[in-house]
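K.L.:
Below is a structure I'd like to ask you about.
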Amino acid sequence: MLDQLVQPDTRLFAVEGRDFAYLPARNALFEIDAEDRIAIEAARGNARPADAIPVPAPAAPARPVLSLTLMVVQECNLACLYCYGGEGEYKNRGRMSVETALASVDHLFDRAGNAPEVSITFFGGEPLLNWPVVEAVVGHARAREAETGIRVGFSMTCNGTLLDAAKSDFLVANRVSVLISIDGDAAAHDGNRPQKGGRGSHAQIVSKTEPLRNARKLSARATVTPNNAAIDRQVDHLLKLGFRGVAFSPALDMMTPEAFAELDAAYDRLIDRFAGLVEAGQFAQAARLRNIYALLERIHSGRRKTHFCGAGTNMMAVDKDGEFYPCHRFVGDKRFVLGGLGRGEEKRAAFIAESAIDARDHCGQCWARNLCGGGCHHENVASNGTLALPNADYCRSTRSQLDRLLKVYAAMTPAQREDLFPA
Amino acid sequence: MIRGINLGAERMEHLSAGHDGGPDPTPVCTTHDSPSCTLQDKCTVHDKCSLSDSCNFDSCNNDTCTIDSCHQDTCDIDHCTLVDS
């Protein structure tokens, strides 16, 4: 086994006096003796990449799409500063028809093959602006579920301002997982997500989501900007409001170097908190810190992340007119149309190949490549004009987090890992 | 002493012992939205629910949920859902 650890990019580190070796090519983490560490350090200068490592079987070139994001409306009642969709309109304002929505559902089921489950996400714009289509899709998809035996799951990302009792009841009754976009407390959120006209939206969201938050039915997602870069404080605020879990992600085009430094410090504090919760045996509480949990789960699983996400691989977004895109963020950028209703998915295979981590020279030498996946496809294009080149600040921040999390993971006991990541 | 810590290391040890490891598990997320894909409170049918806080929906009363639907494999992003096998 020692010879397999002798790789140019094997990452050696110590935690509490114990030595570890992380092997990027296989996402494999080993505890080693000091003698092994010395041997690896001495030998790896002559190593060639992937020497002695069993070569993984290539991923299937094209998997069926099992998850569709329906852009049920390309309009929004908010005017978020960082919106990549131009206030939710994606250069093509309007609402999806029931016919287009149901044809999209049929496309999903008809091509799912023998998959046990498919997923439909309602997105926009603000999806609650086109409620009749949401209801119609749920009804039709349930009918296809009964007909085919393929289970269907639903989720929705919305801003929460248009929730009412009837909609809330429907979402709960139909097991639609709802994610609320909210960026923290009123000061942070209202600076990022004003209503059209300029007034803040925080108070309205807090009021409209109260019943579902109290019933523990909602999760939150925060976008990080210089307004809320000390994101750990905002995560606290959202957890106290009753959201089941909170995830966050930076709006890269708004982040200044100072804001990134603040965000990195906040990540460090969250990682410290996560480690403390694990040490105290509070695993469920730790898992509510979604960003940290997800990266640790990736380390635990040892699975290579061949693509940053499922965009184009086994998920697609359908715009209001029935055009297919890798994900909601690409909607409106005709360079990335993958196909369309009635035409098929003619460009999806090419996108899968182009967006794979193994196709990226830039990432090829990065030790974190198989944990990271190479950055959000859309953010890469927005930052550098190409799928292949991630945002530099994102890379630095991600490597920093993963470096710390490898050590946190290594320090856990086997029992803690088992409790945190049940098989 | 070289001791595997995570499941990736266990798979390597398995292969090194001469066992057939089968295809490398290389999952792909089904989801979107940036580094946070983690969410999804969707319950799934599973055989254990050790994290008591994790289930959201009435249908999961007795059995099974895990922290999020990504547990099967995949993703890191917001509405992550399914996965590959």
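K.L.:
Between the chain alone and the structure with every protein chain in place, find the residues of segment A:207-242 that drop at least 40 Å² of accessible area; heavy atoms, 1.4 Å probe.
P.N.:
With the partner chains in place, segment A:207-242 has these residues losing at least 40 Å²: A:Lys217, A:Arg221.
K.L.:
If packing is taken as the average number of other Cβ atoms within 10 Å across a peptide's residues, how do A:143-150, A:6-13, A:294-301 rank, most packed first? Could you put the intermediate results ahead of the total?
P.N.:
On the way: A:143-150: 13.8, A:6-13: 18.4, A:294-301: 23.5.
The densest-packed peptide leads the list: A:294-301, A:6-13, A:143-150.
K.L.:
With 18 Å as the limit, write out which pairs from A:Lys217/A:Lys320; A:Lys91/A:Lys167; A:Lys305/A:Lys334; A:Lys91/A:Lys320; A:Lys91/A:Lys334 have Cα-Cα distances beyond it, or answer none. Can you show the working numbers first?
P.N.:
Numbers: A:Lys217/A:Lys320 28 Å; A:Lys91/A:Lys167 28 Å; A:Lys305/A:Lys334 27 Å; A:Lys91/A:Lys320 11 Å; A:Lys91/A:Lys334 11 Å.
Beyond 18 Å between Cα atoms: A:Lys217/A:Lys320; A:Lys91/A:Lys167; A:Lys305/A:Lys334.
K.L.:
Something else: Please give the average number of partner chain Cβ atoms lying within 10 Å of the Cβ of each residue in A:168-179, rounded to a whole number. Don't jump to the answer; show the numbers that get you there.
P.N.:
On the way: counts 0, 0, 0, 0, 3, 2, 1, 8, 2, 11, 3, 6.
For this peptide, the per-residue mean of nearby foreign Cβ atoms is 3.
K.L.:
Oh, and also: Net charge within 13 Å of A:Asn227 by Cβ-Cβ distance, Lys/Arg positive one each and Asp/Glu negative one each, not counting A:Asn227 itself?
P.N.:
Numbers: positive: A:Arg193, A:Arg233; negative: A:Asp183, A:Asp185, A:Asp190, A:Glu258, A:Glu262.
Taking every other residue near A:Asn227 into account, the sum is -3.
K.L.:
Another question, then. What's the total accessible area buried between chains A and B, using a 1.4 Å probe, rounded to the nearest 100 Å²?
P.N.:
Values: alone 18260 and 6390 Å², together 18600 Å².
Rounded to the nearest hundred, the buried surface is 6000 Å².
K.L.:
Right, here's the next one. In the neighborhood of A:Asp33, defined by Cβ-to-Cβ distances under 10 Å, what is the net charge if each Lys or Arg adds +1 and each Asp or Glu adds -1?
P.N.:
Numbers: positive: A:Arg18, A:Arg37, B:Arg3; negative: A:Asp19, A:Glu31, A:Glu35, A:Asp36.
Within the 10 Å Cβ shell, the charges total -1.
K.L.:
As I understand it, the value is the acute angle between the Cα axis of helix A:290-301 and the longest principal axis of the Cα atoms of chain A; what does it come to in degrees, rounded to 10?
P.N.:
Value to nearest ten degrees: 50.
K.L.:
Nearest 500 deg cm²/dmol is fine: what mean residue ellipticity at 222 nm does chain A get from its DSSP H runs of n ≥ 4 alone, each adding -39,500 (n - 2.57), divided by its residue count? Don't skip to the end; give the middle numbers.
P.N.:
Details: 16 runs with 171 residues, N = 423.
Per the formula, -12000 deg cm²/dmol.
K.L.:
Now for a separate question. For segment A:107-264, what is the accessible area per residue in Å², given a 1.4 Å probe and the full set of protein chains?
P.N.:
On the way: 5520 Å² over 158 residues.
Dividing the accessible area of segment A:107-264 by its residue count gives 35 Å².
K.L.:
Still on this model: Could you compute how much accessible surface A:Cys366 exposes when probed at 1.4 Å, giving the result in Å² to the nearest 10?
P.N.:
Near enough 30 Å² of accessible area.
K.L.:
Please compute the average number of Cβ atoms from other chains found within 10 Å of each residue's Cβ in peptide A:295-307.
P.N.:
Working: counts 3, 1, 8, 7, 4, 4, 8, 11, 12, 5, 7, 6, 5.
Shielding by partners across A:295-307 averages 6.
K.L.:
Compute the long axis of helix A:131-148 from its Cα atoms, compare it with the longest principal axis of the Cα atoms of chain A, and write down the angle in degrees, 0 to 90, nearest 10.
P.N.:
60 degrees
K.L.:
Same structure again: Taking each residue in A:310-318, count the Cβ atoms of any other chain within 10 Å of its Cβ, then average. What number comes out? Numbers along the way, then the final one.
P.N.:
Numbers: counts 16, 7, 1, 5, 11, 11, 2, 1, 0.
Taking the mean over all residues of the peptide, I get 6.
K.L.:
Ranking request for peptides A:126-136, A:33-43: highest mean number of other beta-carbon atoms within 10 Å first, then the rest in descending order.
P.N.:
Values: A:126-136: 20.5, A:33-43: 14.5.
Those peptides, ordered most packed to least, come out A:126-136, A:33-43.
K.L.:
Nearest 10 degrees is fine. How inclined is helix A:34-43 to the longest principal axis of chain A, computing both from alpha carbons?
P.N.:
90 degrees
K.L.:
Now, a different point. Report the net charge of residues surrounding A:Gly197, where surrounding means a beta-carbon distance below 14 angstrom and charges are Lys +1, Arg +1, Asp -1, Glu -1. Kindly include the intermediate steps, with their values, before the conclusion.
P.N.:
Numbers: positive: A:Arg193, A:Lys196, A:Arg199; negative: A:Glu87, A:Asp190.
Net charge around A:Gly197: +1.
K.L.:
Please give the contour-minus-distance gain from A:Phe13 to A:Thr256: 0.36 nm per residue of separation, less the Cα-Cα distance, rounded to one decimal in nm.
P.N.:
On the way: separation 243, 0.36 × 243 = 87.48 nm, distance 3.08 nm.
Extra length from A:Phe13 to A:Thr256 when fully extended: 84.4 nm.
The values are calculated or read from the model by the stated rules, or taken from the named source; none is laboratory data. In this text the structure is predicted, and so the values were computed from the model without any measurement. Cβ atoms come from the backbone with ideal geometry, glycine included; neighbour counts cover every protein chain shown. Quick note on the areas: whole protein, heavy atoms, side chains included, nothing else; ligands and nucleic acids left out. Shrake-Rupley method; radii C 1.70, N 1.55, O 1.52, S 1.80 Å.
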